[in-house]
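Peer 1: Here it is, the structure, as structure tokens.
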Amino acid sequence: MNILNLQIGQQIRELNRLRHIAEILIRNGLGMLLDQTELARLLPGGWRRRAEKADEQLRRMSIPERVRHTLEDLGPTYIKLGQILSGRGDLLPAGYIEELTKLLDSAPAFPYEDAAKQIEIELGKPPEAVFAVFEQIPIAAASIGQVHRATLPNGDRVVVKVQRPDIEKIVRSDLDLLMRQARFLEKRSEVARNYNLVENIEEMSYTLMNELDYVAEAQNIDRFHQGYASYPNLHIPRVYREYTTKRVIVMEEVEGIQLTDLDRVRQEGYDLSAIAEIGTDFYLRQIFEDGFFHADPHPANLMVSGNRIAILDFGMVAFLSQQLREDLGDMLVGVITQNTQQVITVMVRMGIITRATSLRELERDLSRMLVRHLGLPLHQMDIGRILGEILSLSFMHHVRLPSDFALLIRTIIILNSLGQNLDPDYKLVPALDPFVRQLVKDKLSVRRIGANTIRTFESLNTLAQRLPNRLDDLWDQLDEGNLTVGVSVRDLRMIIQRVDRIANRLAFALIVASLIIGSALILMGGTAIQTLFQIPWLNMSIPVAQVAFILAGLAGTWLMWSIVRSRGM
């Protein structure tokens, strides 16, 4: 009975949340989405007229602006999803990306009593028993948590980030509702299927749930701290693991000026071009050398601290495999050299071309885009703008980038924009050049070629070991009459051509075999048969058997050569 009551209670809460979502959509002039998501049935008929009225009042506001306001009203889950989507130019048009980048992750502070209770649950003691000093008034508050200053018993000054009460439960509930709506839309909408709506929401949900795990963030900080501790111009804050749990994280307090306040940075006499150079070098090393990078280089997450640049908020990071780094290098080389075919080749190799993509149209639009930048000197190329246009083309042509690769492109775009804000003469391409060259050099090195060769032989060895079992399975299916073969209709013409070519070869081989057998029979028949091929007036026999043997030999040689040339053996 208790389980039944819990299920009923959960369903009631979900219905109330769906009704709340529907009301917010109407209030922000997005009532047209109600029919598509079937949320209209949760509202009384009077809301329909209210929706039309809301649309009239908001007609001067663009749809992307309405979406941004809607996400802000829907709360922390949707704000975070909007921030993640702001880096996916391959999923949304440029106008939506521009608006989503304006999403501010801010929220009213929650009471100190709630923060203290959360700390006591996580650390086993109240704040006053854990810290020598704990400031009750937070210095910052966001949708997921808030930050308090504190002092450890050993005198270290720290900041304590505490999650909001029940925020994980709220986020999970919202994500479950969103996933059910995505599945519903995919069943009924070709557009939703083309954009792999469920798969994309699953990816974003994974990213968001990682941000809710402060232990994962602590591991990210430790990794960066170990990798860049020796860099004199960088400061990665220390994390205190003994005070860190899934919902509470304690870090070294960093004092300085955030790069959002450039006027103050100038007033303090900092060299802005040097800051841009240090930050660029740091991020490019992460991307091209480590394959593990801080994926949110927003000015609010960067700070000038003394003579160093400090990096804050490591909740969003991304990983790049060696292959993805090489793909990035090849794509950048193609962009810089205006080689459209190379960019297309990289996209095909990455397997991101979907069924809805027309390679011919994609190549045409890429060529037109790159032609606009043709002839510019290397130091004048705006790589951020070019990559942004590539993301827009990816959206137009249904090209689906891997999430980490899309985050990478977004990181480079933000980095380029930040550098230009710091220094009007800043250009990212000259800084990219040595890293891309090294990546290409490593790809062509003897060591890399040798390693690839070894992996190829290992794959062949594995295949050789598995092949007998696979053949046995195939034979069993054939023997039992259970063997099925799937054929793509799109490849049917090519298959027919191949079958036609095989049939022609078989017919040719049969003719050659017939010539040989017939010639042999003539020779075995002796003079009695051969006299049938005499010319009466000239009293001369025609060497039919010998001629047939020669023709068969020539034809057989040509057949073998054509098979070898087409690699059909």
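The values are calculated or read from the model by the stated rules, or taken from the named source; none is laboratory data. Everything quoted here is computed from the prediction, not taken from an experiment. Ideal geometry is used to build each Cβ from the backbone, glycine not excepted, and the neighbour counts take in all protein chains shown.
Peer 1: For segment 236-279, which positions are farther than 30 Å from K117 by Cβ and of a type in the set (D, E)?
Peer 2: Passing the criteria: D261, D263, E268, D271, E277.
Peer 1: Show the residue pairs meeting these rules: Cβ distance below 6 Å; 6+ apart or different chains; first residue within segment 258-282 and in the same structural domain as V429 (by TED's automatic domain parsing); second residue aromatic (F, W, Y).
Peer 2: none
Peer 1: Moving on. If T340 meets every condition in (1) among the hydroxyl-bearing types (S, T, Y); (2) under 22 Å from G384 (Cα atoms); (3) modelled with pLDDT of 80 or more apart from one, which number is that one?
Peer 2: Of everything listed in (1) among the hydroxyl-bearing types (S, T, Y); (2) under 22 Å from G384 (Cα atoms); (3) modelled with pLDDT of 80 or more, T340 misses just condition (3).
Peer 1: Go through R266, R241, R183 for me and flag whichever is surrounded by fewer than 17 Cβ atoms within 10 Å (Cβ to Cβ) and under 28 Å from L401 (Cα atoms).
Peer 2: Checking each option against the conditions leaves just R183.
Peer 1: With under 20 Å from I409 (Cβ atoms), aromatic (F, W, Y) and touching a strand residue (DSSP E or B) at 6+ places or on another chain (Cβ under 6 Å) as the only criterion, which of F319, F288 stands out?
Peer 2: F319
Peer 1: Please work out if Q226 is surrounded by fewer than 20 Cβ atoms within 10 Å (Cβ to Cβ), touching a Phe, Trp or Tyr at 6+ places or on another chain (Cβ under 6 Å), polar (S, T, N, Q) and more than 19 Å from M316 (Cβ to Cβ).
Peer 2: no
Peer 1: Here is a further query. Among the residues of segment 236-253, how many are of a type in the set (V, I, T) and free of Cβ contacts under 8 Å to residues at least 60 places away in the same chain?
Peer 2: Residues that pass the stated criteria total 2.
The rows are residues; the columns are (1) in contact with a helix residue (DSSP H, G or I) (Cβ under 6 Å, 6 or more places away or on another chain); (2) in a helix (DSSP H, G or I); (3) more than 20 Å from L175 (Cβ to Cβ).
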{"position": "E199", "(1), (2), (3)": "no, yes, no"}
{"position": "T207", "(1), (2), (3)": "yes, yes, no"}
{"position": "H225", "(1), (2), (3)": "no, yes, yes"}
{"position": "K246", "(1), (2), (3)": "yes, no, no"}
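Peer 1: Which residue, of M303, M347, is in a strand (DSSP E or B), in contact (Cβ under 8 Å) with a residue 40 or more places away in the chain and not β-branched (V, I, T)?
Peer 2: Testing whether each residue is in a strand (DSSP E or B), in contact (Cβ under 8 Å) with a residue 40 or more places away in the chain and not β-branched (V, I, T) leaves just M303.
Peer 1: Filter the helices (runs of 4 or more DSSP H) completely within segment 21-111 down to those with at least 1 residues that are of a type outside the set (S, T, Y) and at pLDDT 75 or above.
Peer 2: Passing ranges, in order: 63-74, 76-85, 94-100.
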